Amino acid sequence: IDDTIRRTYGYAKQGAGYGYSKVKGLNALIGIVSTPLAAPVIAATRLRKGPSNSARGAAAFVAESIRTARACGAGGLLVVRADSAFYGADVVNACRALGVRFSVTVRMNASIKAAIAGIDEAAWKAIKYPKAVWDEEAQCWISDAEIAETTYTTYTAFTSKPKKQQVTARLIVRRVKRLNPAAVPEGQGTLFDTWRYHAAFTDSPLSLIDAERDHRRHAVVEQV
């Protein structure tokens with residue numbers, strides 16, 4: 001799932017407004033059903049006012065998308081994938097209530113950073129992407145990274161919520177080296193590596209490498 005702002009023109013467009021993209025338009029939630037072997041298709045959409053928060057109405061929308069996927073014959077393992085805008089107790093619990101798995105990018109708050117710091121250095125595994133990934137912060141293509149995860153029972157999300165809304169699951173983390181050649185004198189190496197971290201909260205039953213690869217497929221909605 002993801003949301004998008006579609007530009008509108010004129011003064012009489014009902015519901016149009018300036019959203020997070022600073023573009024005047026209509027805000028739409030989009031749910032995509034995809035498989036490793038089939039082209040992705042739009043399963044659900046919901047139109048909202050332009051300035052709506054990304055996650056507004058997302059839990060009900062996720063439930064609608066799941067029911068549509070099931071009605072279309074989707075069986076077996078279903079995983080709801082989303083970016084950090086949809087990291088919240090209501091979305092995750094909507095997935096669990098309907099018996100599907102979730103894989104959601106998390107925001108880097110204090111508890112996430114503490115959990116990542118607790119990962120043993122020996123646990124990191126080097127991976128190489130078959131297709132390079134564009135890194136927005138570094139403005140370059142990244143083809144090498146390392147991944148690791150906390151143990152399944154050590155990270156509990158949404159601890160500020162009532163006990164029944166808290167969720168304990170896997171925290172899968174990808175890290176890439178911070179690259180800034182301009183800060184390193186010519187012919188001189190760095191004293192130590194610094195990293196940027198990207199984490200996903202998931203209850204996927206897949207192995208670490210497969211779960212991390214599967215999570216990155218949430219970008220399929222952007223291509224559609």
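The values are calculated or read from the model by the stated rules, or taken from the named source; none is laboratory data. These numbers were taken from a predicted model, which means no experiment stands behind them. Cβ placement follows ideal geometry from the backbone for every residue including glycine, while neighbour counts extend to all protein chains displayed. Just so you know, the surface numbers come from the protein's heavy atoms only, side chains and all, with ligands and any DNA or RNA stripped out. Shrake-Rupley method; radii C 1.70, N 1.55, O 1.52, S 1.80 Å.
Note on segment 1-25: residues that are under 26 Å from Ala63 (Cα atoms) and assigned to a strand (DSSP E or B) amount to 6.
Entry remark, segment 122-144: residues being modelled with pLDDT of 65 or more, in a loop (DSSP other than H, G, I, E, B) and open to solvent by less than 100 Å² (accessible area, probe 1.4 Å) number 1 in total.
Could you tell me whether segment 62-74 includes any residue that is under 13 Å from Thr4 (Cβ atoms) and out of contact with any His (no Cβ under 9 Å at 6 or more places or on another chain)?
Of the residues in segment 62-74, the ones under 13 Å from Thr4 (Cβ atoms) are none.
The answer is no; no qualifying residue exists.
Annotation: of all residues in segment 26-36 being outside any strand (DSSP E or B) and modelled with pLDDT of 85 or more, the one that is least open to solvent (accessible area, probe 1.4 Å) is Ser34. Evaluating Phe192 against the criteria (1) among the aromatic types (Phe, Trp, Tyr); (2) loosely packed, with under 15 Cβ neighbours inside 10 Å; (3) modelled with pLDDT of 80 or more leaves one unmet condition, (3). The residue list Thr8, Thr45 contains one member that is at pLDDT 85 or above, open to solvent by less than 40 Å² (accessible area, probe 1.4 Å) and more than 30 Å from Ile112 (Cα to Cα), which is Thr8. Of the set (1) at pLDDT 90 or above; (2) open to solvent by 70 Å² or more (accessible area, probe 1.4 Å); (3) not in a helix (DSSP H, G or I), all apply to Arg170 but (2). Annotation: of all residues in segment 11-25 being small (Gly, Ala, Ser) and either in contact with an Asp or Glu (Cβ under 6 Å, 6 or more places away or on another chain) or touching a residue at least 12 places away in the same chain (Cβ under 8 Å) (or both), the one that is surrounded by the fewest Cβ atoms within 10 Å (Cβ to Cβ) is Ser21. Reported count of residues in segment 70-121, each being assigned to a helix (DSSP H, G or I), open to solvent by less than 60 Å² (accessible area, probe 1.4 Å) and not hydroxyl-bearing (Ser, Thr, Tyr), is 11.
Regarding Ala157, is this residue open to solvent by less than 60 Å² (accessible area, probe 1.4 Å) and either in contact with a Gly (Cβ under 7 Å, 6 or more places away or on another chain) or at pLDDT 70 or above (or both)? So that I can check it myself, show each step before the final result.
Numbers: open to solvent by less than 60 Å² (accessible area, probe 1.4 Å): yes; either in contact with a Gly (Cβ under 7 Å, 6 or more places away or on another chain) or at pLDDT 70 or above (or both): yes.
Answer is yes for this residue.
Taking the stated definitions as given, is Ala39 open to solvent by less than 100 Å² (accessible area, probe 1.4 Å) and free of Cβ contacts under 8 Å to residues at least 12 places away in the same chain?
Working: open to solvent by less than 100 Å² (accessible area, probe 1.4 Å): yes; free of Cβ contacts under 8 Å to residues at least 12 places away in the same chain: yes.
Considered against the rule, which asks whether it is open to solvent by less than 100 Å² (accessible area, probe 1.4 Å) and free of Cβ contacts under 8 Å to residues at least 12 places away in the same chain, Ala39 comes out as yes.
Only a single item in (1) more than 23 Å from Pro205 (Cα to Cα); (2) in contact (Cβ under 8 Å) with a residue 40 or more places away in the chain; (3) open to solvent by 20 Å² or more (accessible area, probe 1.4 Å) is not met by Gly50, and it is number (3). For beta carbons closer than 6 Å, sequence separation of 6+ or different chains, a first residue in segment 145-164 that is assigned to a strand (DSSP E or B) and a second that is among the basic types (Lys, Arg) and modelled with pLDDT of 85 or more, the qualifying pairs are Ala145/Arg174; Glu146/Arg175; Ile147/Lys125; Ile147/Arg174; Glu149/Arg170.
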